[in-house]
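K.L.:
Handing you a structure now.
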Amino acid sequence: MDGYARANRQKPSTIAAKEMILRLHLKPLLGGQRLDAITNEDVQRLKTTLSAKAPKTVNNALTVLSTLLKAAVEWSVIERMPCTIRMLKVSKSSVAFHDFDVYERLVEAAFRTDPQTHLIILLGGEAGLRLGEMIALQWPDVDLDKRQLCIQRSDWHGQVTATKNGRLRHIPLTKRLTTALREHRHLRSSLVLCDDKSQPILRRTVQNWVRRAARRGKVQNSGVHVLRHTFCSHLAMKGAPARAIQELAGHADLSTTQRYMHLSPAAIEGAIRLLDQPFSDHGRGDIVETGDPKSVSASETAG
C-alpha cells in the first residue's frame, strides 16, 4: 500500500492526511493482504472496526482504499477491482457556532488568559483561519499598515504545505485583531505563533489553549473549527453576500458557504419582500410595441 502517495496526485497536505489514514486504519487491518484478495467481507470488516468513528471519517478511509485499488487496476498490478466499496450516508448537520454575546465572552476570557490565546481566538473568529493556517502564519504574511493577512500556507502535523484548496487569499483585519497582532509582534521567529524556544506551536497545544479559555468563559463548543464557523456565521448574520464569505473563508465550493446563509435575516427578508412587488410585463410589452408604424410602412413601401 505504500504506492498510494505516488498514485494520488493531490497537494502535499491532502497526501499527508491520506497517508495517516493508511497507517492508522488500513495497514493494521489489510496491510498483509494481496490487493486482489481484498473482499467485500474485508470492506465490511473495515466499516465495523471504524464504527465508533464519524461516518465522514469512515468514508475517508474507504475513499483511500478505493483510490488505491483503482490505481492498481490502472497500473495493471491487478486485473479488476476485487471488491465493491460503498460509502456510508452522511447527514448534513448544522454547524456549531458562537452567538455574538458568547463569542465576546470567549474573547474576554482569552484576553484574561494570555496574549497568544487571545490572538488565536481572534484569528479564528475574526479572520476565519483554519488551525493549520494559524500555525503556519508568518510575519511576512501580516501587513499591519494595510490591515491585511495573506493566507498562503498550512501546517499539517509539522508538514508545511499550501492551503487546503491550494489558493492564497487576502483577509482584511478587524481593528482589534490588528491591535492584537501589533502587540504580539516578536522577533523570536518568523512564525506568528511560536513557543518560548521559537518552535512552532503543536496543533493539540492550540486546541488545549482554546479549550482552557472556553472553560474560563463558561463557553460550550470550544474547538478551533467552531471559531471558523463563527466567523462565517457572523458574516452571514450581518448580511455579507455568500460570494464574499466564500472568498474570505477560502471555500472551494459555494455549496459549503451556503450552509451559513440560512442565518442571514437580510437575505430572507429581501426574498419575501419580492412578493410584495406588483407583477409587470412592461419590459416584454416594450419589445413588441416600440416599433413605429410609419417606419414599418415606409420600409414596406421601399421594398
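The values are calculated or read from the model by the stated rules, or taken from the named source; none is laboratory data. Being a predicted model, the structure only gives us computed values, none of them experimental. No Cβ is skipped: glycine too gets one built from the backbone with ideal geometry, and neighbour counts run over all protein chains shown.
K.L.:
In region 14-39, what residues are among the aliphatic types (A, V, I, L, M), farther than 30 Å from K164 by Cα and surrounded by fewer than 16 Cβ atoms within 10 Å (Cβ to Cβ)?
P.N.:
Listed by number, the list holds a single entry, A37.
K.L.:
Test each condition in (1) surrounded by 14 or more Cβ atoms within 10 Å (Cβ to Cβ); (2) hydrophobic (A, V, I, L, M, F, W, C); (3) under 26 Å from S233 (Cα atoms) for W139 and report the one that comes out false.
P.N.:
The number of the failed condition is (3).
K.L.:
Also: May I ask you to list the residues in region 88-117 that are in contact with a Phe, Trp or Tyr (Cβ under 9 Å, 6 or more places away or on another chain), assigned to a helix (DSSP H, G or I) and surrounded by fewer than 24 Cβ atoms within 10 Å (Cβ to Cβ)?
P.N.:
Within region 88-117, Y103, T113, Q116, T117 qualify.
Here's the yes/no breakdown for (1) modelled with pLDDT of 95 or more; (2) in contact with a Leu (Cβ under 6 Å, 6 or more places away or on another chain); (3) under 30 Å from D196 (Cβ atoms):
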{"position": "A52", "(1), (2), (3)": "no, no, no"}
{"position": "N59", "(1), (2), (3)": "no, yes, no"}
{"position": "T67", "(1), (2), (3)": "no, no, no"}
{"position": "M81", "(1), (2), (3)": "yes, yes, no"}
{"position": "V90", "(1), (2), (3)": "no, no, no"}
{"position": "S93", "(1), (2), (3)": "no, no, no"}
{"position": "M134", "(1), (2), (3)": "yes, yes, yes"}
{"position": "D143", "(1), (2), (3)": "yes, no, yes"}
{"position": "R147", "(1), (2), (3)": "yes, yes, yes"}
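K.L.:
Among the numbered conditions (1) part of a helix (DSSP H, G or I); (2) modelled with pLDDT under 95, tell me where V160 comes up short.
P.N.:
Evaluating V160 over (1) part of a helix (DSSP H, G or I); (2) modelled with pLDDT under 95 leaves (1) as the failure.
For (1) in contact (Cβ under 8 Å) with a residue 12 or more places away in the chain; (2) crowded, with 16+ Cβ neighbours inside 10 Å; (3) within 20 Å of V226 (Cβ to Cβ); (4) in the same structural domain as I120 (by TED's automatic domain parsing), each residue gets a yes or a no:
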| site | (1), (2), (3), (4) |
| --- | --- |
| S154 | yes, yes, yes, yes |
| R169 | yes, yes, no, yes |
| T178 | yes, yes, no, yes |
| E183 | yes, no, no, yes |
| L187 | no, no, no, yes |
| V192 | yes, yes, no, yes |
| S198 | no, no, no, yes |
| Q207 | yes, yes, yes, yes |
| R212 | yes, yes, yes, yes |
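K.L.:
Return the residue satisfying two criteria in turn: it lies in region 244-275 and is over 14 Å from the mean Cα position of the chain (by Cα) and among the small types (G, A, S), and of such residues it is nearest to R167 (Cα to Cα).
P.N.:
Of region 244-275, the ones over 14 Å from the mean Cα position of the chain (by Cα) are 244, 261-275.
Those still in the list that are among the small types (G, A, S) too: 244, 264, 266-267, 270-271.
Numbers: A244: 16, S264: 27, A266: 30, A267: 28, G270: 33, A271: 33 Å.
Looking at residues that are over 14 Å from the mean Cα position of the chain (by Cα) and among the small types (G, A, S), I get A244.
K.L.:
Also: Pull out all pairs, ordered by first then second residue, where Cβ-Cβ is under 8 Å, the residues are six or more apart or on different chains, the first lies in region 255-276 and is touching a residue at least 60 places away in the same chain (Cβ under 8 Å) and closer than 17 Å to F231 by Cα, and the second is of a type in the set (V, I, T) and not in a helix (DSSP H, G or I).
P.N.:
Matching pairs, first to second residue: R259/V95; Y260/V95.
K.L.:
I'd like the residue in region 32-43 that is of a type in the set (S, T, N, Q) and modelled with pLDDT of 95 or more and, out of all such residues, is nearest to the chain's Cα centre (by Cα).
P.N.:
Step one: filter region 32-43 for residues of a type in the set (S, T, N, Q), giving 33, 39-40.
The next check asks that each one be modelled with pLDDT of 95 or more; those that pass are 39-40.
On the way: T39: 34, N40: 33 Å.
Once the filter is applied, the top-ranked residue is N40.
K.L.:
Let me ask another. Residues to consider are T301, T256; find the one that is over 30 Å from A127 (Cβ atoms) and either at pLDDT 75 or above or outside the structural domain of K238 (by TED's automatic domain parsing) (or both).
P.N.:
T301
K.L.:
OK, next. Only one of G239, G158, G217 is loosely packed, with under 14 Cβ neighbours inside 10 Å, over 17 Å from the mean Cα position of the chain (by Cα) and over 15 Å from G132 (Cβ atoms). Can you tell me which?
P.N.:
Being loosely packed, with under 14 Cβ neighbours inside 10 Å, over 17 Å from the mean Cα position of the chain (by Cα) and over 15 Å from G132 (Cβ atoms) holds for just one of G239, G158, G217, which is G239.
K.L.:
In region 103-133, which residues are within 14 Å of the chain's Cα centre (by Cα) and within 16 Å of T230 (Cα to Cα)?
P.N.:
The answer is G124, G125, A127, G128, L129, R130, L131.
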